[in-house]
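See structure below.
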Amino acid sequence: MIFSKSVPALLIMACSICTSLSYGQIKDIKIDEQTTVEKLYAGLYARLLSSSDSLGFKNRISFRAAARAVHRFNPIFSVMTQAALQTENETDDVAIINYALRAKLSEKIRFRAGSFATPFLRPSPIVWQGHSETYTQSRFIPGKLGAMIDYAANDERSVHLGYFHQNDSWAGHASFDFGRLGMAGWIQIDGEYLGLMSYKNEKMQAIVNYGSIAKEWTGSVFYAISDRYTLYTDANFLQKTESSEVFRLGGRNYFRNDEFHLGGFFALQYDFAEELISVELLIHLN
């Protein structure tokens with residue numbers, strides 16, 4: 001039976017989320033003077049896939065529940081934990097757990113150590129963007145064991161430097177955010193590396209990256225026609241085979257209702273590489 005293994009845990013998380021909704025919020029829930037639940041997430045992502053040369057189709061449905069909490073020992077030290085559980089009808093369940101000891105060294109400098117997100121632009125697993133990330137975004141390294149120092153000059157300019165264990169090796173990480181322009185990369189002690197650049201403005205978000213392990217270029221672009229409608233493309237190029245396994249064009253129709261804390265989108269996508277049509281629905285707690 002679909003989702004049978006994870007139903008008890010997901011029901012518990014859903015009940016917690018519903019309880020928070022009764023108080024009119026699903027973020028920054030103050031448990032006591034030291035502990036805060038910063039974010040709760042639950043989302044259902046449904047895709048109907050069909051080959052362009054046949055009448056057959058298949059369904060892919062995933063449900064994700066997630067939360068992030070912070071416990072502050074004093075004004076300087078705190079511990080952050082976030083967890084997400086996803087179950088899908090065609091794949092094994094996915095569990096994501098991050099934790100970090102944090103130190104606020106000054107108003108602009110902070111230090112983190114533990115197992116947590118590396119300084120990349122991959123969407124957080126506890127927001128809807130992480131539940132529906134593009135192929136390009138999925139190429140980035142997720143949470144790993146390591147340490148990182150953050151320097152924020154202001155709301156738009158920041159630098160993140162870290163050292164993490166990944167792919168049975170250690171790697172130095174760096175990320176630079178200059179407002180509209182972002183750059184990030186890592187290099188392992190064995191010489192493997194990945195680099196990326198991003199650009200955003202009021203209408204567009206674009207990311208391109210290259211990874212030496214797979215010798216793969218990937219890139220995605222989102223262009224907002226309006227607050228409700230967005231067009232996007234997502235593609236890769238493999239140097240080894242000089243071919244593309246992903247080349248997607250699509251459009252999204254976003255919706256949101258603050259009164260009921262709901263949001264999401266309808267989407268239509270075509271993958272030219274796989275000749276596959278995808279009709280999608282994501283609905284989530286906002």
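For the chain, relative contact order (Cα pairs under 8 Å, six or more residues apart, normalised by length) works out to 13 percent.
When the helices of the chain are scored as -39500 (n - 2.57) per DSSP H run of n ≥ 4 and the total is divided over every residue, the value at 222 nm lands at -2000 deg cm²/dmol. Scanning the chain for trypsin sites (Lys or Arg not before Pro) that sit in a DSSP loop and have at most 16 other Cβ atoms within 10 Å, the longest stretch containing none of them is 6-107. Since only F164, I109, S51 are under comparison, the one whose Cα sits farthest along the positive direction of the charge dipole of the chain, derived from C-beta charges on Lys, Arg, Asp and Glu, is I109. Using the Cβ of N167 as centre and a radius below 9 Å, the other residues enclosed give a net charge of -3, where K and R count +1 and D and E count -1. Annotation: per residue accessible area for the stretch 127-225 equals 52 Å², rounded to a whole number [probe 1.4 Å, protein chains only].
Here Rg and Dmax of the Cα atoms in Å was calculated from the structure, and among (1) 19.8, 62; (2) 23.1, 74; (3) 21.2, 70 it sits at label (1). Taking the Cα atoms of the stretch 117-247, the ratio Rg/Rh between the radius of gyration and the Kirkwood radius comes to 0.97. Among residues other than F237 with Cβ under 10 Å from its Cβ, the summed charge is -2 (Lys and Arg +1, Asp and Glu -1).
When all protein chains stay in place and ligands, DNA and RNA are ignored, the 1.4 Å accessible-area order of W128, W186, largest first, is W128, W186. Rolling a 1.4 Å probe over the protein heavy atoms of the chain, with every protein chain left in place, gives an accessible area that is 60 percent carbon and sulfur. The aspartates and glutamates whose alpha-carbon is closer than 20 Å to the alpha-carbon of K203, local same-chain residues fewer than 8 away aside, are E133, D155, E156, D177, D227, D234. Rounded to the nearest 20, the Cβ-based charge dipole of the stretch 19-119 about its Cα centre (Lys and Arg +1, Asp and Glu -1) stands at 440 debye. Restricting the GluC sites (Glu not before Pro) of the stretch 163-250 to loop positions (DSSP other than H, G, I, E, B) with no more than 16 neighbouring Cβ atoms within 10 Å leaves E192, E202, E242, E245. Annotation: per residue accessible area for the stretch 44-119 equals 56 Å², rounded to a whole number [probe 1.4 Å, protein chains only].
The values are calculated or read from the model by the stated rules, or taken from the named source; none is laboratory data. Here the structure is a predicted model, which is why all the values come from computation and not from measurement. Glycine also receives a Cβ, built like all others from the backbone with ideal geometry; neighbour counts cover every protein chain displayed. Each accessible area value is taken on the protein alone, full model and side chains, heavy atoms only, with ligands, DNA and RNA left out. Shrake-Rupley method; radii C 1.70, N 1.55, O 1.52, S 1.80 Å.
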